[in-house]
């Protein structure tokens, strides 16, 4: 990670209120360029990973299809609604992989090797740098396969979403993404306490597994925990319900937004708390 | 033989370092398991009769037994370590020592499974206790003996398949993708996602010509008493054949790979 060469110029313009934003956008563009260069170094491997992700996606679709060969509904959810749900879950998960996954899993490595010291010294927000360091381009390609499945399912359901509905769906997906990111970042920050936090981060994969299940399958304490404590059940269900016109009340999107803000706030508090305690591995 | 027991001892000490990780992993693993069980409960609530011959109790028991078999047999880090040993040239030392690499890896695998099962048994036992109304016990002694035998062979088969996959490192630099592709097939075909009999009959029958059902589905169905009498002994015989075939393949791939081996960094 090289500090941005334009740093000083940007600093000089700090009087304009847009300058910090522009500076961070410029930095992010540089990080993207780095990632593209790095990925293109291993082209065949890059393609094979796409095959792996496609296979797992097909597996999830198979699971639901086989279940629906024995039943015609799970709670209120019909087959194609669930396919739409699995597609949307894959879409959000792949965008998450593209933007954040590697960065979150690498945090414990940065702490263990003392590389974090160096990042703390750079004149940028450290959380920004840790969260956005690398981009995994394969994620975007896999997200495209998820979009294809969603379009197919929407046609089977004879949905004709308006532009406003699609915009609303994408906005809610972004809010869901914020929940995934905040929770995973929070888990990754546990590595300030234990060195072996990779197992904990890996554990988040299990939560992705619940995200693609229809919420009507659950009730009682399980649903309460994964709605109000770790709001994974909202992440995909709420955007898809908007698209499939299944929303029971306008409070559902409001709850999603509120929980996302709460998760982000919690992760920021925990991050600051952890940093204050950080004593560095190298000294 | 004694030296391999010693290796198991070393392996146990080495894996004990990861006990917290193991515990977290088994605990986290219970979340999707709970979700799957609740999903099936919702499906059974809204319908009359069973699903492909499974009552709700049998369906839930299937997933619980599968979790136990998985804890006893799943390969954790072994394949990554073998691949790294080859890539970094660490296997050179085994070529000059009177230690067989396959037996060495199997000792470490056994040690790893021992510790993992010991650590995971607490959360899994509590989980099963909470679901005791849905948990069926084996019908007779034959089911118990058959289950023990088939789990042991499932472990052998699982190890040999992973071992052989990792040996591909002799030819390609990055085996992780190949391992994940095989793992995806295995996840469906061994019965991790659901009991294979709920698949369309043609698909389920076709899968029985592959070794995958013998990694998980077969031991579980022995436990549940779905394979009894001749079917049980026939199944065990086929499973044993797959183990022998996998062993022969592992030895063959090793002998080919070692000719290709250039001892990088060794």
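Brief remarks on what is shown
- When residue B:44 is tested against the conditions (1) buried (at least 16 other Cβ atoms within 10 Å of the Cβ); (2) on the phi > 0 side of the Ramachandran plot, the lone failure is (2).
- The single condition from (1) more than 10 Å from chain B (Cβ to nearest Cβ); (2) within 21 Å of residue A:81 (Cβ to Cβ); (3) buried (at least 21 other Cβ atoms within 10 Å of the Cβ) that residue A:213 fails is (1).
- Residue check for residue A:179: at the interface with chain B (Cβ under 10 Å from one of its Cβ atoms), within 25 Å of residue A:86 (Cα to Cα), part of a helix (DSSP H, G or I) and at pLDDT 90 or above: no
- Those residues of segment B:35-46 which are at the interface with chain A (Cβ under 7 Å from one of its Cβ atoms) and closer than 16 Å to residue B:198 by Cα, in sequence order: B:39, B:43
- Against the numbered list (1) touching a helix residue (DSSP H, G or I) at 6+ places or on another chain (Cβ under 6 Å); (2) more than 30 Å from residue B:171 (Cβ to Cβ); (3) crowded, with 16+ Cβ neighbours inside 10 Å; (4) in contact (Cβ under 8 Å) with a residue 24 or more places away in the chain, residue B:135 comes up short only at (3).
- Of the residues making up segment A:48-58, those that are facing chain B (nearest Cβ under 7 Å) and in contact with a helix residue (DSSP H, G or I) (Cβ under 6 Å, 6 or more places away or on another chain) are A:48, A:49, A:52, A:55, A:56.
Quick grid of which residues meet (1) under 16 Å from the mean Cα position of the chain (by Cα); (2) surrounded by fewer than 17 Cβ atoms within 10 Å (Cβ to Cβ):
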{"position": "A:207", "(1), (2)": "yes, no"}
{"position": "A:220", "(1), (2)": "no, yes"}
{"position": "A:224", "(1), (2)": "no, yes"}
{"position": "A:251", "(1), (2)": "no, yes"}
{"position": "A:271", "(1), (2)": "no, no"}
{"position": "A:275", "(1), (2)": "no, yes"}
{"position": "A:280", "(1), (2)": "no, yes"}
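- Within segment B:189-207, considering residues that are more than 18 Å from residue B:43 (Cα to Cα) and not in a helix (DSSP H, G or I), the one nearest to the other protein chains (Cβ to nearest Cβ): B:200
- Restricting B:103, B:111, B:120, B:154 to those that are more than 13 Å from residue B:79 (Cα to Cα), within 14 Å of chain A (Cβ to nearest Cβ) and either without any contact (Cβ under 8 Å) to a residue 24 or more places away in the chain or in a helix (DSSP H, G or I) (or both) reduces the list to B:120.
- When we screen B:94, B:23, B:28 for residues that are within 20 Å of residue B:250 (Cβ to Cβ) and either modelled with pLDDT of 90 or more or not in a loop (DSSP other than H, G, I, E, B) (or both), the only hit is B:94.
- Some residue of segment A:235-255 being more than 23 Å from residue B:24 (Cβ to Cβ), within 14 Å of chain B (Cβ to nearest Cβ), out of contact with any strand residue (DSSP E or B) (no Cβ under 7 Å at 6 or more places or on another chain) and touching a residue at least 12 places away in the same chain (Cβ under 8 Å): yes
- Criterion (more than 15 Å from residue B:235 (Cβ to Cβ), buried (at least 16 other Cβ atoms within 10 Å of the Cβ) and at pLDDT below 95) met by exactly one of B:160, B:193: B:193
- Of the criteria (1) closer than 30 Å to residue B:54 by Cα; (2) within 14 Å of chain A (Cβ to nearest Cβ); (3) in contact (Cβ under 8 Å) with a residue 12 or more places away in the chain; (4) surrounded by fewer than 22 Cβ atoms within 10 Å (Cβ to Cβ), which one residue B:179 fails: (1)
- Sole residue being more than 16 Å from the chain's Cα centre (by Cα) and crowded, with 19+ Cβ neighbours inside 10 Å, chosen from B:204, B:125, B:227: B:227
- Residue list for segment B:47-65, restricted to those being surrounded by fewer than 18 Cβ atoms within 10 Å (Cβ to Cβ), touching a residue at least 60 places away in the same chain (Cβ under 8 Å) and facing chain A (nearest Cβ under 9 Å): B:52
The values are calculated or read from the model by the stated rules, or taken from the named source; none is laboratory data. Just so we're clear, the structure is a prediction, and the values are computed from it rather than from any experiment. With ideal geometry, Cβ positions are generated from the backbone for all residues, glycine too; neighbour counts draw on all protein chains shown.
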